[in-house]
Amino acid sequence: MTKKMLGHNEPPKTLEDFLILDADGNSIGRINLTNTFIKKHLVPKVFKGEYIERIVNDSEKIGLKVKVNPGKTKSFFYQYTPKGDRVPKKYHLGHFPEMKVDAARSLVEELKQAIKLGKDPKTIIEERRKAKRLFEVVELWTNTVLDKSARFKQSSIDNIKNRLKVWLRLESVHPKTNRIILNNRSDLNIGNKKMIEITKDDLVAYHAAISKAGRYQANRVIEDLRIIFKWAKGKYVKENICVFTKNDFNDEYKRMDEKKPYSREEWRRIRKAAVALARKYPRVFVACMGILLTLYKGRRYKNELLNLKWTQVDWDQNKVLLPKTKTGKSKFSIDRLSRWVFRKMWAYKTKRFKNIKSVKSRYVFPSTRKGKKPYIQDVRKTWNKICTLAKVRRLEIYMLKHTWGCLSLVALNGNMKAVKDEGGWKTDEMVETYAEFNEQQLKQYSEDIASFLAHAK
């Protein structure tokens, strides 16, 4: 069997253009159904000014049909004739686009197996109708598992909830995210789908749509869903289809190819600018100190540094003890640079500065504003001022962590274990990225040297 071939660059005009032909060139009356075909080409037929419903047979799953009604609604149904009976039976499966082709085919296969076992297909369909939507299952998981879990810190729990709210409930206040949701709603709207009807293709398209907002974000959302699907297996779904291999995920560290970390010279200028800004403008003193500590230690500034408590600072051992982090790294060393920051912040706490209004707090970087959190959270405005003063590229603050990783490998002659442990990375693979970047940097240095020598007199 073959598809009917159209002329070169000739667009399909009618449903008949999609019909599959047999070896003799005759139509078998079936079409290889796709979501695109149903969306674009399956429209009601107009006869004498009236809309007439149209029914199309699927070539892959015999018995699966899709029809478009005069009201332009589209729905799947399964039709078969029992043995010894002349009257065919029809079972409504669901509406398009809520139900996609893959889900309809899967349900048809399930109905066929039920019929072979002597079961009533109506019971299968009724179970499907009563099945819970994904966001309902997520809510149950959140209330029964996530909120009671000792595995995650409260900040991690809040992050997971926020991700699921944005990408499942599609509730966001960020203009960029809102635009992505608006333009990719068909791929992102899996939260309203019944969990048993979600396919792997749905998840792949979902992951790709979120990736437009951020590759890292897309990976985290899929990881959240993988845990939820695993928990729901046997309760709300038969199997965990949210299984992605390493190659399926976005390369999170690919962003280093797009944005080069700061050079050693740029690092020094940033440091100098942050110190100067802290001395000149007391109201940004705390923010500058937080940025400096990020610059010196290469840790995650939001979840590991800005929320530090003084009880976590061990002066005797020269260590900062962290609660359980996402990578499991629970401490880092206090060197002469970071010690300078901690001493400045202790002086700030104990009112040793004449021109700066101090705040007594159990947090190293306390907030002076009344808010939900007693520690400073957003330092982006101060960071932008530092970049302007230092005359460097205005990158995201997370690039300070990448910069620290690259420069640390140079300083330690490629000792990846030391850099991994001190910087709080989970695997050697993550640190190898910085080693590869330094290799590229060395190649560029080599070209610069060759160019200089070639033109030297």
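The values are calculated or read from the model by the stated rules, or taken from the named source; none is laboratory data. These numbers were taken from a predicted model, which means no experiment stands behind them. So basically every Cβ, Gly included, is an ideal-geometry build from the backbone, and we count neighbours across all protein chains shown.
So the values come out like this:
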read-out	value
Candidates Leu93, Leu33 - the one that is aliphatic (A, V, I, L, M), assigned to a loop (DSSP other than H, G, I, E, B), in contact (Cβ under 8 Å) with a residue 24 or more places away in the chain and touching a helix residue (DSSP H, G or I) at 6+ places or on another chain (Cβ under 8 Å)	Leu33
Some residue of the range 278-297 being of a type in the set (D, E, K, R), under 33 Å from the mean Cα position of the chain (by Cα) and buried (at least 21 other Cβ atoms within 10 Å of the Cβ)	yes
Any helices (runs of 4 or more DSSP H) falling wholly within the range 153-221 and containing at least 2 residues that are in contact (Cβ under 8 Å) with a residue 40 or more places away in the chain and either on the phi > 0 side of the Ramachandran plot or not charged (D, E, K, R) (or both)	154-167, 200-211
Failed item, numbered, when Lys165 is tested on (1) buried (at least 17 other Cβ atoms within 10 Å of the Cβ); (2) closer than 23 Å to Ile241 by Cβ	(1)
Any chance Asn307 is assigned to a loop (DSSP other than H, G, I, E, B), outside the structural domain of Phe152 (by TED's automatic domain parsing) and at pLDDT 80 or above	yes
Residue check for Tyr262: at pLDDT 90 or above, over 30 Å from Lys351 (Cα atoms) and buried (at least 19 other Cβ atoms within 10 Å of the Cβ)	no
Test: Thr294 is among the hydroxyl-bearing types (Ser, Thr, Tyr), modelled with pLDDT of 90 or more and touching a Leu at 6+ places or on another chain (Cβ under 6 Å)	yes
Residue within the range 229-246 that is of a type in the set (Ser, Thr, Tyr) and in a helix (DSSP H, G or I) present	no
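Rundown of residues vs (1) more than 24 Å from the chain's Cα centre (by Cα); (2) assigned by TED's automatic domain parsing to the domain that holds Ile55; (3) surrounded by 13 or more Cβ atoms within 10 Å (Cβ to Cβ), yes/no style:
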| residue | (1), (2), (3) |
| --- | --- |
| Gln79 | yes, yes, yes |
| Asp85 | yes, yes, no |
| Lys100 | no, yes, yes |
| Ala114 | yes, yes, yes |
| Ile124 | yes, yes, yes |
| Val138 | no, no, yes |
